[in-house]
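Notes for the one structure printed next.
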Amino acid sequence: MSEILELKQRIKEVLIEELMLQEQPDEIGNDTPLFGDGLGLDSVDALQLVVALEKNFDLKISDAEKAKLILRSVDTIAEAVTDKFPGK
Amino acid sequence: MQSMRNILITGANGGIGRSVAREFLSNDFSDHIWLGIHSHRSAAEEIREEFPGRVDLIELDVTDPLSWDNSLNTIIKKGGSIDVLVNNAGGHEDSLLATMSDDAWNRVIDMNLNGTFYGCRIVSKPMLAQRSGRIINIASLSALSAPLGQANYAAAKSGVLSLTRVLSRELARAGVTVNAICPGYIETEALSQMDERTRKAALGNVPMRRFGRPEEVSTAVRFLACSQASYITGSVIKIDGGIY
């Protein structure tokens, strides 16, 4: 598995573990929206996720606007973690 | 036996704060207690001497967010985690609302409500990250009744109850619990300052016909902080001898 695929798998595991989701990692698409019609996360999950990403990936998300961009999907989180996200 | 916990108690120089500290120290031998003190410290120093190596005094002005930042940084740096926060600091300045000064209103809201808010806010993130934690807010029976001359104090403590309920929902998924305790008349310095007539009138309102002891409050605090209380959150416990 390539490094980026491994990272996305790890992000899914963190999502499931930290947010106590019932899904399996392979049930979450890389581009599935995390909020709204996708995974259905809410603002409480968002806060938990911000804390979890800092804890697990040392990714600090300092403001709400950046959070909106980064927390869209597993893909966007992975981009931010690998420092490729333009808004980071 | 539970693992070592870092417990911060604000207002630790007062009657209930001291009792809460002793309750943890006498029963949970691996706990490390951080006593938040501001204007008075003699009683907190006595506790530190009584339990050598297990107590730190920490300068904390609960009305100042920066002071909270400094305190939490110290605790995390030295202790590694913050596991229990007991928001106990508070005070009242009573007068009828029609004659209440802006300062008296603002000071009481600041001390009781804003102080609790700052404390809850600063421990939320580390507790979310560690997926565990206990917050216990000491409110007052005044939050549930309508005591004459305490519009500021009652409003502040009612605010503490609302804050407790909302935060309990926000942190629930991480296993962090947030609860409040409403003590009634408890034998502390504040009560001893009451004149005899007021004391008798207060006692007349208590179905148990006695005032509470500080340890009857601190036992409940320790219970809410223990692992067995993990499913209790957003609750308000009245400890008042049955007043309704």
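Key figures
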item: Where B:Glu46 falls short, out of the listed (1) touching a residue at least 40 places away in the same chain (Cβ under 8 Å); (2) closer than 27 Å to B:Arg213 by Cα; result: (1)
item: Flag for B:Val176 being modelled with pLDDT of 95 or more, within 14 Å of chain A (Cβ to nearest Cβ) and over 29 Å from B:Leu25 (Cα atoms); result: no
item: Tabulated pairs, region B:107-130, first more than 15 Å from B:Val166 (Cα to Cα), second basic (Lys, Arg) and surrounded by 19 or more Cβ atoms within 10 Å (Cβ to Cβ), C-beta under 9 angstrom, 6+ apart or interchain; result: B:Asn112/B:Lys157; B:Met127/B:Arg134
item: Boolean, A:Leu59 is among the aliphatic types (A, V, I, L, M) and assigned to a loop (DSSP other than H, G, I, E, B); result: yes
item: Qualifying residue in region B:93-106 (condition: surrounded by 23 or more Cβ atoms within 10 Å (Cβ to Cβ) and in contact (Cβ under 8 Å) with a residue 12 or more places away in the chain); result: no
item: Looking only at region B:189-229, and only at residues there that are free of Cβ contacts under 8 Å to residues at least 24 places away in the same chain and of a type in the set (S, T, N, Q), the one that is farthest from B:Arg22 (Cα to Cα); result: B:Thr198
item: Test: B:Val86 is in a helix (DSSP H, G or I) and touching a strand residue (DSSP E or B) at 6+ places or on another chain (Cβ under 7 Å); result: no
item: Any hit, region A:21-28, residues being out of contact with any Gly (no Cβ under 9 Å at 6 or more places or on another chain), within 14 Å of another protein chain (Cβ to nearest Cβ) and closer than 26 Å to B:Ser81 by Cβ; result: yes
item: Any hit, region A:69-88, residues being closer than 18 Å to B:Ala174 by Cβ, of a type in the set (S, T, N, Q) and either within 14 Å of chain B (Cβ to nearest Cβ) or over 12 Å from the mean Cα position of the chain (by Cα) (or both); result: no
item: Residue in region A:32-41 that is outside any helix (DSSP H, G or I), within 27 Å of B:Ser81 (Cβ to Cβ), among the small types (Gly, Ala, Ser) and at pLDDT below 95 present; result: no
item: Helices (runs of 4 or more DSSP H) (entirely within region B:114-214) containing at least 2 residues that are hydrophobic (A, V, I, L, M, F, W, C) and under 15 Å from the mean Cα position of the chain (by Cα); result: B:115-130, B:151-171
item: Answer from B:Ile186, B:Ile232 - the residue that is within 18 Å of B:Leu144 (Cβ to Cβ) and touching a residue at least 12 places away in the same chain (Cβ under 8 Å); result: B:Ile186
item: Residues (part of a loop (DSSP other than H, G, I, E, B) and farther than 17 Å from A:Val44 by Cα) located in region A:12-29; result: A:Glu23, A:Gln24, A:Ile28, A:Gly29
item: Number of the condition not met by B:Ile7 [criteria: (1) surrounded by fewer than 20 Cβ atoms within 10 Å (Cβ to Cβ); (2) outside any loop (DSSP other than H, G, I, E, B)]; result: (1)
item: Qualifying residue in region B:210-218 (condition: within 17 Å of B:Val84 (Cα to Cα), modelled with pLDDT of 95 or more and either surrounded by 15 or more Cβ atoms within 10 Å (Cβ to Cβ) or not aromatic (Phe, Trp, Tyr) (or both)); result: yes
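Conditions tested, residue by residue: (1) farther than 25 Å from B:Ser71 by Cα; (2) in contact with a His (Cβ under 8 Å, 6 or more places away or on another chain); (3) modelled with pLDDT under 95; (4) surrounded by fewer than 22 Cβ atoms within 10 Å (Cβ to Cβ).
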{"residue": "B:Met111", "(1), (2), (3), (4)": "no, no, no, no"}
{"residue": "B:Pro126", "(1), (2), (3), (4)": "no, no, no, yes"}
{"residue": "B:Ser132", "(1), (2), (3), (4)": "no, no, no, yes"}
{"residue": "B:Ile138", "(1), (2), (3), (4)": "no, no, no, no"}
{"residue": "B:Pro147", "(1), (2), (3), (4)": "yes, no, yes, yes"}
{"residue": "B:Asn152", "(1), (2), (3), (4)": "yes, yes, no, no"}
{"residue": "B:Ala155", "(1), (2), (3), (4)": "yes, no, no, yes"}
{"residue": "B:Val160", "(1), (2), (3), (4)": "no, no, no, no"}
{"residue": "B:Thr164", "(1), (2), (3), (4)": "no, no, no, no"}
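To keep it simple, each residue is scored yes or no on (1) surrounded by fewer than 16 Cβ atoms within 10 Å (Cβ to Cβ); (2) closer than 23 Å to B:Met127 by Cβ.
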| residue | (1), (2) |
| --- | --- |
| A:Leu39 | no, no |
| A:Asp42 | yes, yes |
| A:Leu47 | no, yes |
| A:Val50 | no, yes |
| A:Glu54 | yes, yes |
| A:Phe57 | no, yes |
| A:Ser73 | no, no |
| A:Ile77 | no, yes |
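The values are calculated or read from the model by the stated rules, or taken from the named source; none is laboratory data. Because the structure is predicted, anything quoted here is derived from the model rather than measured. All Cβ positions, glycine included, derive from the backbone under ideal geometry; neighbour counts span all protein chains shown.
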